[in-house]
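Notes follow the structure.
What follows is calculated from the coordinates using simple rules that are stated; it is not laboratory data. All of these numbers come straight from a predicted model, not from anything done at the bench. Cβ coordinates were reconstructed from backbone atoms using ideal geometry, including for glycine residues, and neighbour counts include every protein chain displayed.
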Amino acid sequence: MTLTNMPPTGELQALDAAHHMHPFTANGQLAQKGARIITRAQGVRLTDSEGAELIDGMAGLWCVNIGYGRHELAEAAARQMRELPYYNTFFQTSHVPAIQLAAKLAALAPGDLNHVFFAGSGSEANDTNIRMVRQYWALKGQPERRVIIARRNGYHGSTMGGASLGGMAAMHAQGGLPIADIAHIDQPYWWGEGGDMSPEEFGRARARALEEQILALGPERVAAFIAEPVQGAGGVIIPPESYWPEIQRIVAKYGILLIADEVITGFGRLGEWFGCQSYGIRPHIMTIAKGLSSGYQPIGGSIVCDEVANTLAQDEFNHGYTYSGHPVAAAVALENLRILQEEHIIERVREETAPYLAQAWGSLADHPLVGEAVSRGLMASLALTPDKARRAAFATEPGNVGYICREFSFGNNLVMRHVGDRMIIAPPLVITPADIDELIARARKTLDQTYAHLQAEGMLKAAA
Ligand code: PXG
């Protein structure tokens, strides 16, 4: 549909409200207001149905790593659809795109992560991981090792398995989650939960919570620990440097499997191919999705180490999806990886844009409303606070101020999300320093407007 024959915005909004159920949305509320309708995109910019141009500070949903408008991916999809639009890999068949993508991922992934099980999304891949680690221990003669330890405020997807691994209280509150044999420990969120400890002390303490949980459960019952190198949906929580080395030590000590959920941190977000490389983490399994295809096609998967894959190979693994390794999605992912590699996009993040963003975003810390402004690679967050010195929360319900800030941001044509009262960005990896300057200018204006609004409404009060 071109802009010339597109129905008016109001008509589209009415149809949307009448028939389209949005994810993670109070649909009644949205229906009153009307969704903003995005019609086109190029580079790091979106266009809406009214012709306004927005900076996409979230790369879609943390996924459009190479930016919008890359026709090479459209060509790859069209070529593959003409040649072989679909075939499965279940019953002793394979196809070229799945083979090539698996081999490419094995080459890119660190260590002996040499085997790929494909899924349609990050959630599905984490469901695979639950099945896979439990089956691994069963084949090892330790079927009682079933418990997977995860973290509160971690995000691992929205399927029953993924949401169970995740530590989102609001998700667990609906639908009887988590499933059995999942345990949660606290997150390494120093600004919000670190109290009087230094970040390094706190990072070690929160890592040791893993050891305490293992001992409480009984080490012989623990199958795996899963975590995001940097929590994304939880609010871009960057762990203290002391955290991951201590986790790594504990995982090795008890011989449990480590699953790194790289759905957001994979494919360049932290300035390396994988977030694990940025932190020196050595996982047995990595969850991937999003940046694997830059969101141009839905595809995810698990990259698995030799030991786990070779053990699983001893028996039939009773698991798989119709779209595991979908040829069109795999062909598009391959083209995406080619572009990331040949255009040195990840090196540019590491050497140029991440340091630039760190400085520009960090400069927002001088704003009266900002408690901390932090980034790692091209993911960044800031904490809104009524009292910087005390790292205080607002007296009003958590998330109210964040929501107000997000509304101003949207009004300023900047897509910046809120998670509670943290504001977050994760722009396409092709963002330039000039784009970053524009993003920061809009973010600062947004903070000024939010501050003035809170002042006028008497909302600058700290919680007791
Ligand atoms: N793991 C991580 C770390 C994720 O961020 C998933 C798994 C699930 O992937 P799928 O492809 O099934 O969505 C994710 C997804 C948000 C938001 O509000 C984040 C995600 C998805 C939807 C919303 O930040 N991350």
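Details
- In this calculation the C-beta distance from Ala441 to Arg40 is compared with R0 = 25 Å, giving a FRET efficiency of 0.60.
- Spin-label model, Ala452/Leu12: points 7 Å from Cα along the beta carbon direction are separated by 3.0 nm.
- For the stretch 319-359, GluC sites (Glu not before Pro) meeting the loop criterion (DSSP other than H, G, I, E, B) and having at most 16 other Cβ atoms within 10 Å: Glu343.
- Between the alpha-carbon centres of the stretch 81-102 and the stretch 311-364 there is a gap of 20 Å.
- Here the stretch 72-342 yields Rg over Rh of 0.97, to two decimals, using C-alpha coordinates and the Kirkwood radius.
- Cleavage-rule hits, trypsin sites (Lys or Arg not before Pro), the stretch 1-62, DSSP coil, Cβ neighbours within 10 Å at most 15: Arg36
- Net charge of neighbours whose Cβ lies under 9 Å from the Cβ of Phe394, counting Lys and Arg as +1 and Asp and Glu as -1: -1
- Taking 19 Å as the cut-off, the amide N atoms of the stretch 61-88 that come nearer than this to a point 7 Å along the Cα-to-beta-carbon line of Glu316 belong to 88.
- Ratio Rg/Rh, restricted to the chain and using Cα atoms, in which Rh is the Kirkwood radius: 0.96
- Coil-residue GluC sites (Glu not before Pro) of the stretch 390-464, DSSP, other Cβ within 10 Å capped at 11: Glu457
- In the chain, helical runs assigned H by DSSP with n ≥ 4 each contribute -39500 (n - 2.57); averaged across all residues and rounded to the nearest 500, the mean residue ellipticity at 222 nm is -12000 deg cm²/dmol.
- Over the stretch 210-363, volume per residue of the alpha carbon convex hull, in Å³: 149
- Cα-based Rg of the stretch 84-126 normalised by 2.2 N^0.38 Å, two decimals: 1.26
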